[in-house]
Amino acid sequence: MSNHQGLKSRNLLTFPLDLPEVEVIRVEINEGGDYIVTVESTRNSAICQTCGERLTKFNGHGREVELRHLPILGHRVYIRIRPKQYECPKCKGKMTTQKLDWYESKSPHTKAYDRHLMLQLVNSTVEDVSRKEAVGYDAVEGAIVRCIQTSVNWDELTELQIIGIDEIAMRKGHGNFVAIITTQQSDGHVALLGVLADRQKETVRQFLESIPQRLYPTLEKVCTDMWEGYANAVTEFAAAHPEVSLEVVIDRFHVAENYREGVDLLRKQECRRLKKELSAEEYAEIQGVLWPLRKNHEDLTADEQKKLERLFERSPDLKLAYSFREALTSIFEMQLTKEEAKESILAWQDKVRQSVLTCFDKFLTTLNNWFDKILNYFAGRFSSGFVEGLNNKIKTTKRRCYGILQNTTLFQRLYLDLEGYRRFA
Ligand SMILES: [Zn+2]
């Protein structure tokens, strides 16, 4: 960083500062071990802030600014610069402060340091990054505002084949849902398109209307949960734009959630019944069946299988419900055409109806209401797993950023978690 002579130079590194259009004037180290690098701009002009003319009449320096920059070997680095000022002859001598590309006026950081903060924030929290970097909480938030937009930049997208709509509860128990809209790109990358304030039909329809027309020909499927608001929004949007062919596909994981719920319900009933009927000793044998019962049959350990069998001996109904559940899951696993899937699921439904079970009644109604859209999964058989995988990510982000109540902030944090490594690494 500066030239030293003699033995000591063996312990010195010289490297470029990598900030364009500046010259290093001085490097100092303060008592805290921070590097203070004073620089001077080498650019000899500015653009008049009033008339846009290029100015070359230098008129002194403005007040010195100090900007946090990337650390060097673990030491904090601050760049000090006194911005040059130029006078405009056309605008009655009005002064313009020169702007260099590597920092923004009013930002306490260089752009490189803002990017560094963004990278630290991926899968982390403002509080954590603030502590690790010894930067104020507000300064980290300020960097987010400078670096991350609060809604989708359509220019970044060239296709929208599969759109996923899902919701998360912002506050537990408040029924306060926001809708998360994503898309899976053909390279597998999942991009965030929107965080909507609610999941009303009109809100979703307005979002769909914000899609630029140039992307219409790429639209194919909207993958959602069984929620009227979403389905109706898609139907209305498609009706208003005859050139758009957009199909609603019910995410298979949401279908599974639905029929699995029936088995859970029965398990609770049966466990209550058995607790009354069995001796404490006998009941202990089947306790802890919740997790084995939740698992797919092929994932069970030998021990879990034994436990389940013991429970099934005591509860034939639960055994039957479990086998129905596994049978339906395997239909979704099979490579079937939409027509074949329809037949298989109808056959499954008949067997369930003819059985003694009532725990699937609610699901059968849902199935009936959404049948065609559920079957759309088999046409094309694209993996809808991205919605589920993303959901888990969103849940983690939400938990981590506890207290985020604004959907624009949630958009920024989700965007950062999804795109951060690509954009800032
Ligand atoms: Zn001017």
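Within the range 7-62, if we keep just the residues that are assigned to a loop (DSSP other than H, G, I, E, B) and either in contact with a Gly (Cβ under 8 Å, 6 or more places away or on another chain) or of a type in the set (Val, Ile, Thr) (or both), the residue that is nearest to the ligand (Cβ to nearest atom) turns out to be Thr50. Per the conditions (1) under 34 Å from the mean Cα position of the chain (by Cα); (2) open to solvent by 60 Å² or more (accessible area, probe 1.4 Å), the sole criterion not satisfied by Leu290 is (2).
Tyr86 fulfils the conditions (1) away from the ligand (no atom under 16 Å from the Cβ); (2) open to solvent by less than 10 Å² (accessible area, probe 1.4 Å) except for a single criterion, (1).
Which one is least open to solvent (accessible area, probe 1.4 Å) among residues in the range 71-80 that are among the aliphatic types (A, V, I, L, M) and over 17 Å from Glu23 (Cα atoms)? Among those residues, the one meeting the criterion is Ile72. Is the range 252-259 home to any residue that is in contact with a Gly (Cβ under 8 Å, 6 or more places away or on another chain) and assigned to a helix (DSSP H, G or I)? Checked against the condition, which is being in contact with a Gly (Cβ under 8 Å, 6 or more places away or on another chain) and assigned to a helix (DSSP H, G or I), the range 252-259 yields at least one hit. Within the range 245-262, being farther than 17 Å from Lys295 by Cβ and out of contact with any Asp or Glu (no Cβ under 8 Å at 6 or more places or on another chain) holds for Val248, Val249, Arg252, Val255, Asn258. Could you tell me which residue of the range 328-364 is most open to solvent (accessible area, probe 1.4 Å), considering only residues that are closer than 20 Å to His297 by Cα and in contact with a Lys or Arg (Cβ under 8 Å, 6 or more places away or on another chain)? Of everything passing the filter in the range 328-364, Gln335 is most open to solvent (accessible area, probe 1.4 Å).
Here is a yes/no grid of residues against (1) closer than 30 Å to Asn11 by Cα; (2) open to solvent by less than 30 Å² (accessible area, probe 1.4 Å):
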position	(1), (2)
Asn30	yes, no
Glu40	yes, no
Arg54	no, no
His61	no, no
Lys94	no, no
Lys99	no, no
Met118	no, yes
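Mind checking which residues of the range 95-128 are modelled with pLDDT of 95 or more and among the β-branched types (Val, Ile, Thr)? Result: Thr96, Thr97, Thr110.
Among the residues of the range 89-124, those identified as more than 16 Å from the ligand (Cβ to nearest atom) and out of contact with any helix residue (DSSP H, G or I) (no Cβ under 7 Å at 6 or more places or on another chain) are Leu100, Asp101, Ser105, Lys106, Thr110, Lys111, Ala112, Tyr113, His116, Ser124. Does Glu257 satisfy the criteria of being farther than 30 Å from Glu220 by Cα, out of contact with any Phe, Trp or Tyr (no Cβ under 7 Å at 6 or more places or on another chain) and in the same structural domain as Ile345 (by TED's automatic domain parsing)? When the stated conditions are applied, Glu257 does not pass them.
The values are calculated or read from the model by the stated rules, or taken from the named source; none is laboratory data. The model shown is predicted, which means the values in this text are computed figures rather than measured ones. All Cβ positions, even for glycine, are placed from backbone atoms using ideal geometry, and neighbour counts span all protein chains on display. For the accessible areas, the whole protein counts, side chains as well, though only heavy atoms, and no ligand, DNA or RNA atoms are used. Shrake-Rupley method; radii C 1.70, N 1.55, O 1.52, S 1.80 Å.
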